[in-house]
Amino acid sequence: MNGFVDRLLGRVRLGGWLAVAAPVIAVAFAVLITSVVLLIAGSDPVGAFTTLAEYGTQPRSMAMILNTGVMYYISALAVAVGFRMNLFNIGVDGQYRLAAVVAAGLGGAAVVPGVLNIVLVIVVAVVVGALWAAIAGLLRVYRGVSEVISTIMLNAIATGLGSWLVSEHFGVLTGNDLGTRPIPDDAHMPGIPLIAGTPVLVNGFIVVAVLLGIAYWVVLNRTRFGFELRATGKSESAAVASGVSVKKMIVVTMVMSGAVAGLIGMPELLGASYKYSNNFPAGLGFTGIAIALLGRNNPVGMAVGALLWSFLDNSSNQLQLLDISKEIVQIMQGVVVLSVIIAYELVHRYRIVAEQRRVSRELAAPQEAPKAEAAA
Amino acid sequence: MKILYGMQRPDEGEIRVNGKPVGFHTPADAIGAGIGMVHQHFMLADNLTVLENVVLGSEPRRGGLALDFAAARKKIREISDAYGLGVRPDVPVEDLGVGDRQRVEILKVLYRGARILILDEPTAVLVPHEVDELFDNLRGLVREGLTILFISHKLDEVLRVADEITVIRRGTTVATVNPKDVTSRKLAELMVGSELPSPETRESTVTDVVALSVRDLTVRTGDGRPVVDDVSFDIHKGEVLGIAGVEGNGQAELVEAIMGMRPCEAGALTLGGADISQWSTLKRRAGGIGYIPEDRHRHGLLLESPLWENRILGHQTRRPNVKGPWIDRAGARADTRRIVEEYDVRTPGIDVDAATLSGGNQQKLIVGREMSGDPVLLIASHPTRGVDIGAQAAIWDHLRTARAAGLAVLLISADLDELIGLSDTLKVILRGRIVADVDPANVTPEQLGSAMTGAGEGV
């Protein structure tokens, strides 16, 4: 069972073409299931998918897909850091919203000018996210509270705390919308005209997201810290015997996860709405969980997952033109995640059997080889 | 064995039970065909009674939902009496000793109607007189017409209990012999494929330099019970200090306390003159303690990681595995190849997962890893448990070579021959206390066994 969770969370590698086979099978399967649902609902699946594809390939939509995808990707990274060592940080949602409220409040007050304000907003968001997540880490280490429970609770508290901060401290009323004071023009993150043929700019935070993805990979795969983190995730008992301080790792990993979570709201805050109000996107933390599962904690896989998710979200409205409920997209998203999990499980079993066969075949062959004699 | 019990499917060949070919997809199929398995590691729920454990998964029903414990109790008594197992149905399993638990496991399979029993290393956890009891039970079962498949690395036991012996080496049947016609030496040679290894150490290499000094070490459980009680000893360079004891008498806790994995209540630890009592596990390892853990799957390996990543485990602060905060992939990989070569780890490469290797090869990898980086002290907990006799000989050789080169070894084992053969000094642990010093040069396994159970006086 434990092995299954490991595979679910992507702590097990799949080599070569198998790594590609699983997601392809999964997406094909999801398309199939969704088609069946559409047929049952009396709609035309071919038309629906054509509409989605046509919309998704327009320059304007592509820019929008990238913009939403950036937030999804950062959220998935925040979740994945925890997943890699068996920590289920369900609290990414509360961490990014609280971080965004505090950062927006301070940014709106414009205590420092220009670019410095951008830096201040980002640093404050990172610190708030990290501290909020640290509470769950410390509770786990010193009181044995499951981080799943504590982070869910902390989400609820973050919601209340955020509303209180907006209404009592940072809030200004603009029409009907209660929000923080907008961040001044000189502290806006500039957009990038990445996609030709549309005036819609791509959020400048895409650069940060790419750098974060690279940093995630380097830290986990190339550093001693990353090795200890992955070792703890794979076998806590072996990590303890190897001198890894698991308590320290839990707190540090929660803090890192929370710090990355603090960045989730930044593309919106610094590049789109410039304030925290009731319209600020919610629930990104949960989307991140789904995408981390979809991308199996792999930085490239999660990028693909984030774009797929964002494409489905952005184009769902188009389905209404065909009289198809846009909720069909949610069914499709759910099926994709489930079928990815199932496909990886099947591919994994196949790989284990294949590898065991290969090892025994290669070891059985050189019976008369000098190596066998040296052993005896 | 896994194939016989339906846990794995054969690639080719067939199995016949009572002349009928059968194919097993799951253990349930095997049970249906009358095959039952007693695992090396007991699969019992401690907080349930014997009765509850036995019926678990095949509960007798009465009127749809209600459990018919009375019928089950009656059936258990009948089986127990028929085969002379002496199992009491209403005792919680946690109150039972190892031998009793094993009888419960056997009864569990008989209860399910098994006529063919597979016993996987059943004596690994037993002391000599418990082994005798088990063999009496087994002879009783055979008299009643049951078939027993007894799998063991311990040759004298196989010779004592079996009516026919099949030797398997690297998955191939090497020979089938009659125990009356072979000696244990001949049998061992069949298993290894060449001359017999022995754990005997030659001349003493013990020096005057103390490598590890343990003084008045006490470890308590959460509820304040001492599991290691006022233990003191010195290990010199070039000395193998063996600790004999029935499992669960504080050996595991002693090792974990020396490794810094478990806090000690009182006592001082000195390694090469430095007080290490307050050091973290990592610092102790870097300070020259190598560790071959009792349970390699739980404490020694990342099963689903490649071999070269397993080379880094526990040595993640030292060259050639790291350069500063960075993992040195090239260095770690090259050194893994060296270990695979020098320690004869049979593997197609260093990129396969540790889980795909056999137990013996996994253990050789661990021994090679822990011998790297010039350790001062090696803690070897059951270093040859569950490994084939070839790997066992290789591991013994490596321990002897390292000892001759001045390594201090703390050896903990349930294999009394191994303890007597390898140790320069031998201490007996019982209920967390060192109760006897034994001279390994003139003690028999039987004497040692009775000292371990507290039965023998003044050995």
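The values are calculated or read from the model by the stated rules, or taken from the named source; none is laboratory data. Only a predicted model underlies this, so the values are computations on that prediction, with no experimental measurement involved. Note that we place each Cβ from the backbone using ideal geometry, even for glycine, and neighbour counts take in every protein chain shown. What goes into the accessible areas is simple: the full protein's heavy atoms, side chains included, and nothing from ligands, DNA or RNA. Shrake-Rupley method; radii C 1.70, N 1.55, O 1.52, S 1.80 Å.
At a glance:
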| quantity | calculated |
| --- | --- |
| Residue check, A:R230 touching a strand residue (DSSP E or B) at 6+ places or on another chain (Cβ under 6 Å), farther than 30 Å from A:H169 by Cα and open to solvent by 10 Å² or more (accessible area, probe 1.4 Å) | no |
| Test set (1) under 28 Å from B:L96 (Cβ atoms); (2) modelled with pLDDT of 80 or more - B:L126 fails condition number | (2) |
| Yes/no for B:H382 being free of Cβ contacts under 8 Å to residues at least 60 places away in the same chain and more than 14 Å from B:L301 (Cα to Cα) | no |
| Flag for A:V166 being part of a strand (DSSP E or B) and of a type in the set (A, V, I, L, M) | no |
| Unmet requirement for A:I352, which otherwise passes all of (1) assigned to a helix (DSSP H, G or I); (2) surrounded by fewer than 21 Cβ atoms within 10 Å (Cβ to Cβ); (3) in contact (Cβ under 8 Å) with a residue 60 or more places away in the chain | (3) |
| Counted residues, segment A:159-179 - those being under 27 Å from the mean Cα position of the chain (by Cα), surrounded by 17 or more Cβ atoms within 10 Å (Cβ to Cβ) and either farther than 27 Å from A:M64 by Cα or modelled with pLDDT of 85 or more (or both) | 4 |
| Selected residue (criterion: least open to solvent (accessible area, probe 1.4 Å)) from residues of segment B:116-152 that are acidic (D, E) and outside any strand (DSSP E or B) | B:E121 |
| Residue match in segment B:94-114 (condition: within 28 Å of B:E133 (Cα to Cα), among the aliphatic types (A, V, I, L, M) and open to solvent by 60 Å² or more (accessible area, probe 1.4 Å)) | no |
| B:T444 more than 26 Å from B:R284 (Cβ to Cβ) and among the hydroxyl-bearing types (S, T, Y) | yes |
| Condition met for B:L430 (farther than 18 Å from B:Y343 by Cβ and over 19 Å from the mean Cα position of the chain (by Cα)) | no |
| Residue in segment B:320-335 that is in a loop (DSSP other than H, G, I, E, B), more than 11 Å from every other protein chain (Cβ to nearest Cβ) and more than 20 Å from A:S360 (Cα to Cα) present | yes |
| Unique match (being surrounded by fewer than 23 Cβ atoms within 10 Å (Cβ to Cβ) and aliphatic (A, V, I, L, M)) among A:L269, A:L307 | A:L307 |
| Options B:D275, B:D335, B:D328: the member that is surrounded by fewer than 23 Cβ atoms within 10 Å (Cβ to Cβ) and either outside the structural domain of B:S423 (by TED's automatic domain parsing) or in contact with a Pro (Cβ under 7 Å, 6 or more places away or on another chain) (or both) | B:D328 |
| Which numbered condition B:E341 misses (of (1) within 14 Å of another protein chain (Cβ to nearest Cβ); (2) more than 19 Å from A:R230 (Cβ to Cβ); (3) crowded, with 24+ Cβ neighbours inside 10 Å; (4) free of Cβ contacts under 8 Å to residues at least 40 places away in the same chain) | (3) |
